[in-house]
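I have placed the structure first, in the form of structure tokens, so that the comments after it can refer back to it.
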Amino acid sequence: MHVNSVRTQKTAGRMVANEPLWFRILLISLCYLIAIVLIIVPLIYVFVQAFSEGISGWWNNLFNDAETRHSVFLTLIVVPLAVLVNTVCGVAAAWTLTKFKFPGRTLLMTALDLPFAVSPVVAGLMFVLLYNLRTGYFAPLLNEIGFKIIFAWPGLVMATMFVTIPFVARELIPLMQALGDDEELAAVSLGASPWQIFWRVTLPNIKWGLLFGVIQCNARAIGEFGAVYVVSGRIERETYTMALRVEKLFQDYNNPGSYAVASVLTLMALSTLVLKIILERMVAASMEQSSSE
Amino acid sequence: MSISVQNLSKRFGDFVALKNVNLEVPSDSLTALLGPSGSGKTTLLRIISGLESADEGSILFKDEDVTTRSARDREVGFVFQHYALFRHMTVFENVAFGMRVRNAPNGEVRERVNELLHLVRLEGLGQRYPSELSGGQRQRVALARALAVKPRMLLLDEPFGALDAKVRQELRTWLRKLHEEMHVTTVFVTHDQEEAFEMADQVVVMSQGHIEQTGTPQAVFDNPATSFVMDFLGNVNVFHGRVQSGRVQMGPFSLQYDEYQNEEPRNATAYVRPHELDIDRSPSQASLLGKIKQINPAGSVLKVRVAVEEFGVELNVDVTHYRAKQLELKLNDIVYVHPRSVRVFMPETDYVI
């Protein structure tokens, strides 16, 4: 597989070499221009602003501000919860959609993509309309059991989940389709229970794809703004996640504070990117192993 | 353990995979399910294993009805066509899997796995991964894995389908030997009649979801029950003719045919195997004049193609090397071909008289 990719790179190089020089220079410059203007400069600027008062200033902005501290704490609660639930649901969905044939399968498959298409603000609005405690559709039930969803952390988790549902399942479905169910059937005939089959056969085969999906899901969950903004109600020290906090600080003309939080979000995103690259290599390596079968 | 299949039917949507199949597999026998693709042989095997469920009918292991039992509880060793080895496990762990899920103690597992790796001649390869093995080695790992849990029977789906000719031949001989040592009831699926005849005690010929014939290889080969079996079991020469009053008439041939004494003439098809045709330089009673188009050596015989203008057909004739030398056969020679024996089948649709 590695050898293959090297070969394609070479042929690609030769093809480009056939184009006129000016054309090549134009295309390459265009790529650089877009990358610099849209990605690299803003990225550097976040850190320049964040550290404009030095490292101690950055630290102060992050941890000596009770509200900011709370937003970090809240994000560390909401994101793992949403990712965990989505991971379990994503695996279950991928399993169901690939191993069984049932009516409505295609519909379900399409529905999984809906969160990518629907604007997060719309999703947030729907949650507010359905689950608020005064006029919501489920208000009587929620009041009775005393469970507050909107303007509280469960709403934040739900909104985050909605936006990140597709990542795990979307990653796993093609992988599980390619793997087929021969190994699972072999395990059944050897007397394994469904639980044993999942942990000993299915999971080890999909682990890299799963991790990949979880990382993407996590990155998106941390950065989610729109849906969370609507359902949070923006209550200080209660429903401000980091992404919301960035906007709040910015509105309050606290640029260094805003950029400090933004820099942490960016660092998280960058580390996700690095993890993704490492994982991609590992996946390629394990694919190489199994494709030589 | 004997297997009894009773009135089994299975559909996939509109496709009838099996219709009313009955089969007895004697204990400790090696049985081949032989048929072209789509004949239902793999479906039958999977239903016996419990990996697939039947729409109607029942499966008995000895006297015990296992129809509603899941594959997990049937204690059947199943070897998949493409092996289905666990790709993330070593050879050792693959073989150990069945015992691990039963929580067998480590020492026992180690002992049994090593014993099996020795049996399938893969000692020392326990720490390899399936991707590091050749096709033949993977097949043997799959077999060892199936045997590890001491199954009541062994079911193999096209066990040698994906292997090259030489390895296939070796494994056939080896599996036959292994079967004789282990005495475990074995059923395997194949589309290769040579494989079925070489290995099996009992051959079950299937076509379009039903069983055409069951019997020992010799019985099936010598007395094919239907024209399908005759056609499927290797090369045949086909003649179309008529039967009437105890005789079958095909062009210049007229042979005795006691099974049909009616005076009403009926269409019939006669089949002659290549080794049942004789070649000669001079005409004899009921022989056909033809010209040699092709001579190919194939193992112990020469395959000779003779074009017979009278019928507009080309006949396949197996000639021994000795006989060919004696007659000094060469291309474009004019020869006489005559059948030593003929099998006649009347199409069933013609029964409406």
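Give me the residue from the stretch B:62-99 that is assigned to a helix (DSSP H, G or I) and acidic (D, E) and, out of that set, nearest to the other protein chains (Cβ to nearest Cβ). Even if it seems obvious, please write down each step before you answer.
Initial filter on the stretch B:62-99 (assigned to a helix (DSSP H, G or I)): B:71-73, B:91-99.
Next, only the ones that are acidic (D, E) stay: B:73, B:93.
Numbers: B:D73: 8, B:E93: 9 Å.
Among those residues, the one meeting the criterion is B:D73.
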_Scope the stretch B:100-141; condition within 9 Å of another protein chain (Cβ to nearest Cβ), of a type in the set (K, R) and in contact with a Lys or Arg (Cβ under 9 Å, 6 or more places away or on another chain); matching residues_ = B:R100
*asked:* For the structure I just gave you, tell me whether B:G35 is over 23 Å from A:L185 (Cα atoms) and not aliphatic (A, V, I, L, M).
replied: yes
*Do we have B:S282 as modelled with pLDDT under 85, in contact with a strand residue (DSSP E or B) (Cβ under 7 Å, 6 or more places away or on another chain) and loosely packed, with under 12 Cβ neighbours inside 10 Å here?*
yes
*asked:* Among (1) crowded, with 18+ Cβ neighbours inside 10 Å; (2) under 27 Å from B:E52 (Cα atoms), there is one condition B:L133 misses while meeting the rest; what is its number?
replied: (2)
*Filtered residues of the stretch B:106-130 (kept if modelled with pLDDT of 90 or more, assigned to a helix (DSSP H, G or I) and surrounded by fewer than 20 Cβ atoms within 10 Å (Cβ to Cβ))*: B:N106, B:G107, B:E108, B:R110, B:E111, B:N114, B:E115, B:H118
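Which one is modelled with the lowest pLDDT, of the residues in the stretch B:215-231 that are under 12 Å from the mean Cα position of the chain (by Cα) and surrounded by fewer than 19 Cβ atoms within 10 Å (Cβ to Cβ)? Break it down into steps so the answer makes sense when it comes.
Step one: list which residues in the stretch B:215-231 are under 12 Å from the mean Cα position of the chain (by Cα), which gives B:215-217, B:220-221, B:229.
When the remaining residues are screened for being surrounded by fewer than 19 Cβ atoms within 10 Å (Cβ to Cβ), the result is B:215-216, B:221.
On the way: B:G215: 93, B:T216: 93, B:F221: 86.
Out of the qualifying residues, it is B:F221.
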*Which one of B:S53, B:S27 is of a type in the set (G, A, S), within 14 Å of chain A (Cβ to nearest Cβ), under 26 Å from the mean Cα position of the chain (by Cα) and in a loop (DSSP other than H, G, I, E, B)?*
B:S53
*Within the stretch A:190-198, can one find any residue that is modelled with pLDDT under 90 and of a type in the set (G, A, S)?*
no
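Could you say which residue among B:E195, B:E180, B:E212, B:E170 is of a type in the set (D, E, K, R), assigned to a helix (DSSP H, G or I) and buried (at least 19 other Cβ atoms within 10 Å of the Cβ)?
Details: B:E180 fails: buried (at least 19 other Cβ atoms within 10 Å of the Cβ); B:E212 fails: assigned to a helix (DSSP H, G or I); B:E170 fails: buried (at least 19 other Cβ atoms within 10 Å of the Cβ).
After applying the criteria, what remains is B:E195.
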*Among the listed residues B:V149, B:V204, B:V184, B:V167, which satisfies the condition of being under 13 Å from the mean Cα position of the chain (by Cα) and β-branched (V, I, T)?*
B:V204
*Does B:T90 meet the test of being closer than 25 Å to B:Q213 by Cα and out of contact with any Pro (no Cβ under 6 Å at 6 or more places or on another chain)?*
no
_Every residue in the stretch B:197-224 that is of a type in the set (G, A, S) and closer than 21 Å to B:E276 by Cβ, please._
B:G215, B:A219
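Please work out if B:G234 is surrounded by 15 or more Cβ atoms within 10 Å (Cβ to Cβ) and either modelled with pLDDT under 80 or in a strand (DSSP E or B) (or both). Outline the logic, then answer.
Working: surrounded by 15 or more Cβ atoms within 10 Å (Cβ to Cβ): no; either modelled with pLDDT under 80 or in a strand (DSSP E or B) (or both): yes.
Judged against the criteria, B:G234 is not a match.
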*Please note which helices (runs of 4 or more DSSP H) are completely contained in the stretch A:149-258 and include at least 2 residues that are buried (at least 20 other Cβ atoms within 10 Å of the Cβ), away from chain B (no Cβ under 14 Å) and touching a Phe, Trp or Tyr at 6+ places or on another chain (Cβ under 9 Å).*
A:153-179, A:203-223, A:226-232, A:242-251
*Test A:A111 against the criterion of being under 20 Å from the mean Cα position of the chain (by Cα), crowded, with 20+ Cβ neighbours inside 10 Å and under 30 Å from A:P194 (Cα atoms), and give yes or no.*
no
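So is B:G161 more than 24 Å from B:R46 (Cα to Cα), touching a residue at least 24 places away in the same chain (Cβ under 8 Å), out of contact with any Gly (no Cβ under 7 Å at 6 or more places or on another chain) and assigned to a loop (DSSP other than H, G, I, E, B) or not?
Judged against the criteria, B:G161 is not a match.
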_Can you tell me which of (1) in contact with a Pro (Cβ under 7 Å, 6 or more places away or on another chain); (2) farther than 23 Å from A:V118 by Cα is the one A:F162 doesn't meet?_
(2)
*Extreme residue, farthest from A:L43 (Cα to Cα), among residues of the stretch A:268-293 that are at pLDDT 75 or above and of a type in the set (D, E, K, R)*: A:R281
*Please state which of the following conditions B:L147 fails to meet, knowing it meets all the rest: (1) within 12 Å of chain A (Cβ to nearest Cβ); (2) more than 24 Å from B:V66 (Cα to Cα); (3) hydrophobic (A, V, I, L, M, F, W, C).*
(2)
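The values are calculated or read from the model by the stated rules, or taken from the named source; none is laboratory data. Values in this document were obtained by computation on a predicted structure and should not be read as measured data. Note that we place each Cβ from the backbone using ideal geometry, even for glycine, and neighbour counts take in every protein chain shown.
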